[in-house]
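Asks: Here it is, the structure in full.
Only the coordinates and a few stated rules stand behind these numbers; no lab work does. Because the structure is a prediction, the values reported are computed rather than measured. Note that we place each Cβ from the backbone using ideal geometry, even for glycine, and neighbour counts take in every protein chain shown.
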Amino acid sequence: MPAPASSPPEVRGSTRSATAGWAGGSPPRAVASTAPSEDASIFLPQPAQRIGSSRAMAGIIFQRITALPEAEKEPRQAIAGPSPKPRIASARAFDRQRRSGRPSAAQGGVFAVRARPPLAANLRAAALGRPRPHIAARQSAGAGMDGMDVALAQELEPRDAYSRAVIGAVEAVGPAVLHIAAGKGVGSGVVFTPDGYVLTNSHVAAGAPRVTATFPDGRTMAARLVGDDPETDLALLRLEGEASAHARLGESSRLAVGQLVVAIGNPFGFQATVTAGVVSALGRSLRARSGRLIEGMIQTDAALNPGNSGGPLVNTRGEVVGINTAIIAGAQGMCFAISADTASFVASKLIREGRVRRSAIGLSGQNITLPRRIVRFHNLARESGVRIESLLENGPAAAAGLKTGDIIVAFDNLPIATVDDLHRLLTEERAGKPAPLTSLRGTERQTVEIVPRMR
């Protein structure tokens, strides 16, 4: 006769040993009748017994699987599961059973199940008679729950938070990272629009008559150079075909020192080479090949390998926050990326006009330190200036009356200490607009009006 549901079989072993788990000895043994039974029982501790933890509760559950009577299927659905298929204790037991051909649990076999930590929530829900999360998730997806699903769920090992963040960034942006072959230039690039615009470095693609882009899946596609800006070391390409994926440009102004970033490249055709690090510093400056200073750069210790130039620097949200551009040879962990804010500005100019327009005043200069007595006499804001080395014939500076040897100390009423200060002020908006320029000729101070030209 099967035992009544209200009086579960005896569990030998004290409540103390059951609640303490299996530490220090063998697990408690459940004694069940060996007589044929049509009932499927899950032996749980007495209701008054307290469970110390989900692991201790899992340790004392013993399951005997047989076909359920029709009358008990509905109230025990959360424990028995929706499928009449037998449940398997573990993948190892399933494999051993499959090779040996021995009777399964449905023929009356008894398994002692000790659940692993990922199934603690399922076991607690089963003991309380509630739907288990793992089963509910699979049912909502339209899939049945069988023994192999339980075994595989037990064998899965969750990843740590750092790994999940890096993997998520790579999965979001990796398919949009290309290998760029442009004549002698080789590097990486990233698709950032659905219609196939690609950002890369100017030193990779500038002047190339023919550009070939290779996707991570091996597809090769021709691309044309839309424009490049050597002053920021950025270039814009347009794919001559459909891009299968694209990345989003983020806001580099929201970065913080110490924030996790991931550098992705496709050097020499290797699929999505990944390095991870943190933002080491913000607002760095680096000299471009043209001599102009690139400002607002991101310093990171995420290693950049040869061929990674032009690849994206990505945050954990899967947004491109920089374009990798350079390393300092001989230094450890000093890599630089052009900020996404600069890249967005340059890309918009290249898409509309094919180049980034800036103004010029037609001279070349050199930084020079001023004598202290001259600084104090003229009450100058800076102790250095820009000495004019040469003038462009018929240029704005020559037309304004400046001469070789004059020292520029202010432009548009703003102090000038270096050539970079002058470059920073000569933007597209100043072209054609008169502005005062202050200079020193010998010990005399003079101010002239100059009209910058578009170059």
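Asks: Give me the distance between the Cα centres of region 381-455 and region 251-314, rounded to whole Å.
Replies: Using only Cα atoms to place each centre, the spacing works out to 34 Å.
Asks: Among Phe192, Phe345, which comes first, then next, by fewest other beta-carbon atoms within 10 Å? All intermediate terms of the calculation are to be shown ahead of the outcome.
Replies: Values: Phe192 24, Phe345 15.
Result, fewest neighbours first: Phe345, Phe192.
Asks: R0 = 41 Å: FRET efficiency of Thr404 with Arg164, Cβ-based, nearest 0.05? Numbers along the way, then the final one.
Replies: Details: r = 62 Å, r/R0 = 1.51.
Once the sixth-power term is evaluated, E becomes 0.10.
Asks: Let me ask something additional. May I ask you to derive the FRET efficiency for Val451 and Ser253 from their Cβ-Cβ distance with R0 = 41 Å, giving the value to the nearest 0.05? Write down the numbers at each step before the final one.
Replies: Details: r = 33 Å, r/R0 = 0.81.
For Val451 and Ser253, the calculated efficiency is 0.80.
Asks: Using only the alpha carbon atoms of region 285-401, find the Kirkwood hydrodynamic radius as the inverse mean reciprocal pair distance, in angstroms to one decimal. Intermediate results must be reported in sequence, preceding the final value.
Replies: On the way: mean 1/r = 0.0561 Å⁻¹.
So the Kirkwood estimate lands at 17.8 Å.
Asks: Within a 10 angstrom radius of the beta carbon, how do Lys349, Lys433 rank from fewest other beta carbons to most? Numbers along the way, then the final one.
Replies: On the way: Lys349 18, Lys433 10.
Fewest-to-most Cβ neighbours within 10 Å comes out as Lys433, Lys349.
Asks: Sticking with this one: Mind giving me the nanometre distance, one decimal, between the label points for Arg355 and Lys433, set 7 Å out from Cα along Cα→Cβ?
Replies: Result: 2.2 nm between the two label points.
Asks: Something else: Over 21 Å apart: what share of the alpha carbon pairs of region 359-454 falls there, rounded to a whole percent?
Replies: Values: 1018 of 4560 pairs.
Value for region 359-454: 22 percent of Cα pairs lie more than 21 Å apart.
Asks: Hey, another quick one. How large is the direction-averaged shadow of the alpha-carbon convex hull of region 160-356, in nm²?
Replies: Numbers: hull surface 40.1 nm².
Averaged projected hull area, Cα only: 10.0 nm².
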